[in-house]
Structure formats: C-alpha cells, structure tokens
Amino acid sequence: MKLYGVIGDPIAHSLSPVMQGRAFDEMGIKAHYHPFHIKGQDLEIAIKGMKAIGVEGFNVTIPHKTAVIPFLDSIDPLAKAIGAVNTVIRENNRWIGYNTDGEGFTEALQAEWKENLQDEQVLMIGAGGAAKAVFYTLLSKGIHHIDICNRTMERAKKLIKDCPYKGHSTALTLTEAEEKLSQYSLIIQTTSIGMYPEVSQSPLSLEQLNPNAFVSDIIYNPFETTFLKAAKKRGAKTQNGLGMFVYQGALAFEKWTGQSPNIQRMTETVMEQLGGNVCLPENKNAF
Ligand code: ATR
C-alpha cells in the first residue's frame, strides 16, 4: 500500500482525500491518501518525517504553499517563479516541488471552452496568490495579452514587473477595467469576492461585457457566483472553479503515478462531497 496525502492547516474540509482516494481505487492502484493537519512550526519536521515513513508524494495547501519551498530538494522552474508549491513528488528519495494550480486552471479552461487560447485578449481580476499562479502559467504557455486589474493597483503592477515570462500586460484600476471591458475576450476572476458566505458581492460591473467573451471564476462555492450570473445574463459563456480544482488534482495524480485519472469521475466525486454544502445553480452542468 503506497501512502500519499495533503498537508495544510486547517485540513479537515479538504476535498482532496476523497477525490484522490477514489481515483486511486478506480485505477486499481493500492494507495491511501491522507489529510495531514500540520502546523507551521512543525512543517520542516513533517516534511522530513514523511520521507522517513515512506510517503510517495503529497499535495500542499493553505497556508504552506510558499513556506514548504525551503524544505524541498528541488523546485520546478514554474513553481519557483510563482513562489508556491501545491504538489510534491518523490524521486530518488528527493522531494521535487511543482505547482499544478495554474496548469489545472488552463486545462479546465481548454476542456470547457477551447483549446487554442493564444490570441485571446485576457483581463484578470485580482493580484494575490491564485492570480500569480494563473498569470505566470498562462504567460509561460505563450498567452501574451493579459491585463490585470486589482483593488490595490500596486500589487497588479508588481505581479507584472516580477514575472519572468514575456507578455504585454497593463495594470488597471477596477474602474479602468470596467470601462475597457468590451475589449476582452476572456475574463478571469481570481479574488475571493463572492465566495460563500459573502455571496452577493461582485468584483466588477459587467455592463460593458462583450457577449462573446468567456468568463471564468475560480470560486466554486457558491457554484455560480453573482459575478458569473451577471456574465451569463449578458450572454457570455461561463465556468466556475470546480474544473481548476479537479484538474490540479488530476495533474498531481499523473505526476505521482504516470497514469491519467478519469476527470469526469473525479468531478462527480467532488460534486457529491460538496452536496449540501454548496449553493447549486439552476443548471448543475454549468461548470
Ligand atoms: P489568494 O492567495 O487566495 O489569491 P490573496 O493573496 O489574499 O489571496 O489575494 C486576494 C485577492 O483578492 C487580491 O487581489 C485582493 O485585492 P487587494 O490586493 O487589493 O487586497 C482581492 N480582494 C479580496 N477581497 C477584496 C475586496 N473586498 N475588494 C476588492 N478586492 C478584494
């Protein structure tokens, strides 16, 4: 029996153990995926201990995604640039850190919208940790036109300035973004605005939204944020954050096992777990 897991604080509500555990079962791999509740002060000893007891790989969640880096043996270049790790694999008894969040977002977007994103005019809302993973990953894939708007414009500017991947990006205030909105074909909402329990909040007015645009929100609780509802009302196609969560997990699974899990089944597993704890939209297949 191989051992995998996720480290975080808190960890009890993580959806990963059931999602990954079932994926292992379905692929016929004898493995256990455990939620490890690790406090910040115990992080170093926990990482060493997991090697000692033979853990094969693990996920990292809040608040350890950045703090874990000094305790790993090597970091993939994209994860290094992002400054955060969510997936660790064990190779020749060395811990190698990756970030599959941005990649998971991109794959979900490609699966739910379209494969070729190169020529999209992108507006990203937010400049925090999630925004950084998505922004750097998209740029690393050659998607060049990504503007960033944020309540604190300085953070958006810094994100652009610090990015090691080339692109054409402008930092905007939220008001500037609202005014220019019709120019964008893809809008990506990465802030926590509209997340349960503050479900009535929305980061931006969508009055000028191009109805042909695609609007993505990384939140999945509620299933359909006020922001996505408004986008849909204006005729846009939308996507919530469930796909990003599932794909980041599937990418981790692939790194550990070399096998691709069934995305549809993983999605159903997460949906089942969310069950009564999520505000479902009228159309459950909306994501
Ligand atoms: P995460 O790592 O989850 O992205 P974060 O680093 O705290 O979290 O970033 C949160 C993002 O949501 C930021 O872009 C933040 O804007 P600021 O940089 O101005 O703080 C944005 N955000 C959170 N609450 C907000 C609110 N009430 N209004 C506007 N922006 C908000």
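Throughout, read-outs are computed from the coordinates displayed, never taken from laboratory work. Values in this document were obtained by computation on a predicted structure and should not be read as measured data. Here the Cβ positions follow ideal geometry from the backbone for every residue, glycine too, while neighbour counts run over all protein chains shown.
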* Please provide three numbers in whole Å: the alpha-carbon extents of region 182-245 along the principal axes, with the largest listed first. => 30, 22, 17
* Asked: Between region 141-194 and region 14-79, how many Å separate their Cα centres?
  -> 31
* Proximal lysines relative to Lys229, as straight alpha-carbon distance under 30 Å, when same-chain residues fewer than 8 apart are discounted -> Lys114, Lys132, Lys141, Lys157, Lys180, Lys237, Lys284
* Near Lys30, which lysines are there with a Cα under 22 Å away, not counting those fewer than 8 places off in the same chain? -> Lys2, Lys51, Lys255
* Asked: For region 36-190, what relative contact order do you get, as a whole percent, if you take Cα pairs closer than 8 Å and at least 6 residues apart?
  -> 18
* Percent antiparallel among DSSP beta bridges (both partners in the chain, rounded to 5) -> 20
* Alpha carbon Rg of the chain, scaled by the compact-globule rule 2.2 N^0.38 Å -> 0.99
* Pick out, from Phe223, Tyr184, Leu78, the residue whose Cα sits farthest towards the positive end of the charge dipole of the chain, with +1 on the Cβ of Lys and Arg and -1 on the Cβ of Asp and Glu. => Leu78
* Between region 200-272 and region 90-122, what's the alpha-carbon centroid distance in Å? -> 14
* To do: Let me know the whole percent of all Cα-Cα pairs from region 102-240 that are separated by more than 27 Å.
  => 10
* 10 Å binning of all Cα-Cα separations within region 1-158, expressed as whole percents from 0 upward -> 10, 34, 34, 19, 4
